[in-house]
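The values are calculated or read from the model by the stated rules, or taken from the named source; none is laboratory data. The structure displayed is predicted, hence computed values, not measured ones. Cβ sites come from the backbone with ideal geometry, for glycine too, and all protein chains shown count toward neighbours. All accessible areas refer to the heavy atoms of the entire protein, side chains included, with ligands and DNA or RNA removed. Shrake-Rupley method; radii C 1.70, N 1.55, O 1.52, S 1.80 Å.
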Amino acid sequence: MTLKDILPGEKCRIKNIYVNNLRKRIIDMGLTTNTEITVKKMAPLGDPMEILVRGYLLTLRKAEARMIEVEKIGGSS
Amino acid sequence: MLKIALVGNPNSGKTTLFNGLTGSNQFVGNWPGVTVEKKSGKLKYQDFEAEIIDLPGIYSLSTISLEEEIAVRFVIENKMDLIINIVDASSLERNLYLTYQLLDSKIPMIVALNCMDIVQKKLQQIDIKKLEDELQIPVIPITASKKTGINDLIKLIAAYDYAGQKHEHRYEDQIEKTIEVFENLIGDRFLAIRFFEDGLKILEPLKLPPEANAKMIEAYERESKHYQIDFDMVIPNSRYDAIIAVCEIVLTKNGTDVISVTEKIDKILTHKWIGLPLFGLIMFMVFFLAFGPIGTWITDWFVFGIEWLFSRVDTLIANLGMMPWVSSLITNGVFGGLAAVIGFLPQLAILFLFMAILEDSGYMSRAAFIMDRLLRKFGLSGKAFIPMLIGFGCSVPAMAATRTLDKDEDRKITTMIIPFISCGAKAPIYGVFAGALFFRASYVAVFSMYVLGIIVAILSAVMFKKTILKSASANYIMELPEYRMPTVKNTMLHTWERVKGFLLKAGTILLGAFIIIWFLSYFGFVDGTFRMLMEDEIEHSILGAVGKFLLPVFRPIGFPDWQATVAMLTGLVAKESVVGTLGILYGVAGNVVENGSLLYEPIRLAFTSAQAYAFMAFALLSTPCIAAIAAMKKEFNSWKWLIFSLLYEFVVAYLVALIIFQVGSLDQGVILSIIFGIIAIMIVVFSIRKFVIKRGAICDSCVNCSIKDNCHLPKKDEFLAIIDQKKEDDQDDRE
């Protein structure tokens, strides 16, 4: 599954990043393999999404989130 | 003199620290990316003197925007004597990433650990001594906003051993081996690491011969086979692993991990349902306060005061018995022009003040977050919303606000479309014309002007993106900073900086422009002699002659007489003066600016409704006032772009007015023509939108990519295929 499929409040761990656009920036912002992410919420219009990563809040578009492969952790729903 | 650079993440408090170190007042905001150009100041401490350079905030040495590029180039190429790496202690993990990158450069470095107050609030503790041991460089805890720890930092800078051995961060064995391979080829460890991370992009400025380049590529291909994960992720991964290890040693958490206060505020401000209305309300309040009754009331008193002051000077000048042209230059040229511009000042100051509060508190980032989806449809980033919104008040601050955008191209597009957004000064024009000719439908006519402006702005943005500014990406990835209570001092400084910028412009470029326009409108040939003119003789002025000369050009778009042309020309000074000039030219007694209905009669005689509507549209879209042109020049920093965008605006205005007038004159059915125009524009909008959406927001080309041809990663389609495959696998597993 990808980061886009994670619902607000759920946690996941990054498996792989297939993002092409902004790839370097996403990696440098701390989204690397095995990083834990908590999805916080979607913007009022449904996109971008807000995530908690490495102790700070980051917002990114679903277009990019769709290219980040993750696995869900904790409370399986 | 020693050169010391301040380097750190956006919004980590660099500029505040810079003020603390140099004592000079600087622009500080709670919006990632406020400092665009580098700023320098002097640090003095006893006998010690050094130049401190404040650079745009960066998250990493791999850059994506122009201002980041400036910062990185500056640090790397200018061989700084010392880097003060300011680290936001409340977000230690991410901030230390840049620290580790900088460590590779082996430039002497001190870490200033900022925001210690927030760390304490979160019930966390950072062991400074242990952090120093881990990084092997000096670490000083500070709280820049409260000025604690700054003295310790200054003492350390003065006493720093600049010649000492610098520690080098070692990576895992396999990585070190690869670095060594690259180092043997380039001859520099730091460059080798950068090449490892960023690929060929790093080699461009070095201008290596093709054979050397080919060798590097070959080595890159070969080395990448040694790793399980993507090659460009190897070093970042290793760094973050090291950072996590360090954080575990130095950071003690007594509380929970959540960003509690910020999260609580965001629960309301970016809420699914109320987030958007609240945003609208906040923006409305800012506008209401700046341009509504309160702002108008303050402006009225301000203008009253200025006019009183100027009139005193006028009498003084009159009593001095100077030559008439000198006193006219001062009273009509200089004062008249300045009064027109300074009249904006109170409203601008209020607007700047609220923008400063919104920026310093951290709300602006949320605004971009909320609006991104809407603006993306037109190829703009969410961050472009604020400048466009400010544009409804005045184009001048709006253009200054474009600096917060990531990419130069995005900045250019936004600057070019701002003039299409109907600013406050254009409102009186609509008011007078719509009032004279559209009667009960007048407010519809006025409102349609605002809509027309927005549509033209959006269409232009889409068009620029498709044609001349293709590399504009309108990328969006943004940190939401924690909310901060804006301090009175910072907010005031922030506001003052911008007001000062506006005043300086009014004092220099604008003054020259006013004098030229004064000359053109107060001198001319009367009965064969060239002389100065009286107030009501503007018909004979050079400007009048130009207006008459240009009339054939404006006939097709419905200008009925030379008066309309001249009025439009004086609009270059300030759009407010269009109505005033018309009053003079049509020989109306009384103040038409304050009482627009005086103009209704002459306008009804001269204009048909189609002509009036075309005139309004032309006034809306054509070349902006001189203050805005000056602001544009400042933002583009290029005459070529300035002239291009002014011409573009003129042509667009002309075409739109032409269509309105020609269609509107066909059967006198103005309303019909408006409807027709709107439908036509809608069709164009939708067809273009379709086209834009098809392109999608994910990059599907390798243009601007660091590894370009040498990319062994699958392309976008392949990525999607992989992800789809994985999803299917997931499903299979579940079944």
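How many Cβ atoms of partner chains, on average, are near each residue of A:37-48 if near means within 10 Å of its Cβ?
That average works out to 6.
Can you give the extra length, in nm with one decimal, that the chain gains between B:E307 and B:A212 once fully stretched, where that is 0.36 nm per residue apart less the Cα-Cα distance?
27.1 nm
Taking the Cα centre of the protein assembly as shown as origin, sum charge times position over the Cβ atoms of Lys and Arg (+1) and Asp and Glu (-1), and report the length of that vector in debye to the nearest 20.
Computed charge dipole of the protein assembly as shown: roughly 1120 debye.
Nearest 10 degrees, 0 to 90: what angle lies between the long axis of helix B:275-291 and the longest principal axis of chain B (Cα atoms)?
Helix B:275-291 sits roughly 50 degrees off the main axis of chain B.
Within a 10 angstrom radius of each residue's Cβ in A:59-72, how many Cβ atoms of other chains show up on average? Whole number is fine.
4
So how long is each side of chain B along the principal axes, counting just the alpha-carbon atoms, biggest first, in Å?
91, 70, 55
For chain B, what is the mean residue ellipticity at 222 nm derived from helices alone (per DSSP H run of n ≥ 4: -39500 (n - 2.57); sum divided by total residues; nearest 500 deg cm²/dmol)?
-19500 deg cm²/dmol
Based on alpha-carbon positions alone, could you give the equivalent ellipsoid semi-axes of region B:102-244 from the gyration tensor, as √(5λ), descending, whole Å?
36, 18, 13
Kindly rank B:604-613, B:482-491 from highest to lowest mean number of other beta carbons found within 10 Å of each residue.
Top of the packing list down: B:604-613, B:482-491.
Relative to the longest principal axis of the C-alpha atoms of chain B, give the angle of the C-alpha long axis of helix B:150-159, reported between 0 and 90° and rounded to the nearest 10°.
Approximately 60 degrees, to the nearest ten.
Residue separation times 0.36 nm, minus the C-alpha to C-alpha distance between B:F525 and B:I722: what's the value?
63.1 nm
Which whole-Hz ³J(HN,Hα) couplings does region B:109-126 yield from phi under the Karplus relation 6.51 cos²θ - 1.76 cosθ + 1.60, θ = phi - 60°, glycine and proline marked x?
Running phi through 6.51 cos²θ - 1.76 cosθ + 1.60 with θ = phi - 60° gives 8, 10, 9, 9, 8, 8, 6, 5, 5, 5, 4, 5, 4, 7, 6, 10, 9, 10 Hz.
Which peptide among B:169-175, B:434-440 comes first, and what is the full order, when sorted by highest mean count of other Cβ atoms within 10 Å?
B:434-440, B:169-175
Using a 7 Å offset from the Cα along the Cα-to-Cβ direction at both B:T467 and B:V451, what is the distance between the two label points in nm, to one decimal?
Placing both labels 7 Å beyond Cα along the Cβ direction yields 2.6 nm.
Can you compute the modelled spin-label distance between B:V488 and B:Q731, with each label point 7 Å from Cα toward Cβ, in nm?
Going by the 7 Å Cα→Cβ label model, 6.3 nm.
In degrees from 0 to 90, rounded to the nearest 10, what is the angle of the helix B:173-186 Cα long axis to the longest principal axis of chain B?
Taking Cα atoms only, the helix is inclined about 60 degrees.
May I ask for log10 I(q)/I(0) of the protein assembly as shown at q = 0.09, 0.10, 0.11 Å⁻¹, from a Debye sum over the Cα atoms as equal point scatterers with solvent left out?
With no solvent term, the Cα-only Debye profile gives -0.94, -1.10, -1.26.
Could you list, bin by bin from short to long, the percent of Cα-Cα pairs of region B:377-528 in 5 Å steps?
2, 8, 12, 13, 15, 14, 15, 11, 6, 3, 1, 1, 0, 0, 0
Going by average Cβ density within 10 Å per residue, which order do the peptides B:143-156, B:105-118 take, highest to lowest?
B:105-118, B:143-156
Which whole number in µm²/s is D for region B:541-656 by Stokes-Einstein, with the Kirkwood Rh taken over Cα pairs at 10 °C and 1.306 mPa s?
This corresponds to a translational diffusion coefficient of 106 µm²/s.
In the full protein assembly as shown, how much of B:W301 is accessible to a 1.4 Å probe, in Å² to the nearest 10?
Approximately 150 Å² for this residue.
When Cβ neighbours within 10 Å are restricted to other protein chains, what is their mean count per residue of peptide A:1-11?
Rounded to a whole number, the mean comes out at 1.
Under a crude label model (7 Å from the Cα following the beta-carbon direction), how far is B:H271 from B:L374 in nanometres?
Result: 1.9 nm between the two label points.
Ratio of region A:3-72's C-alpha Rg to 2.2 N^0.38 Å, to two decimals?
Relative to the rule-of-thumb radius for its length, region A:3-72 sits at 0.96.
Give the lysines whose C-alpha is closer than 17 Å to that of B:K106, dropping any in the same chain fewer than 8 places away, or say none.
In chain and number order, the partners are B:K3, B:K79, B:K166.
Under a 5 Å amide H to amide H cut-off, with H placed in plane at 1.01 Å, what residues pair with B:V87 once short-range neighbours are removed?
Result for B:V87 returns B:A112, B:L113, B:N114.
Pairs to check: B:K465/B:K640; B:K14/B:K129; B:K39/B:K264. Give those whose C-alpha atoms are more than 25 Å from each other in this structure.
Violating the 25 Å limit, Cα to Cα: B:K39/B:K264.
Where the convex hull is taken over the Cα atoms of region B:335-432, what is its projected area averaged over directions, in nm²?
About 7.3 nm², averaged over all directions.
On full extension of the chain, what length is gained from B:D47 through B:K264, given 0.36 nm per residue of separation minus the C-alpha to C-alpha distance?
Extending this stretch completely gives an extra 73.2 nm.
In chain B, what percentage of the DSSP-assigned beta bridges are antiparallel, given to the nearest 5?
45 percent
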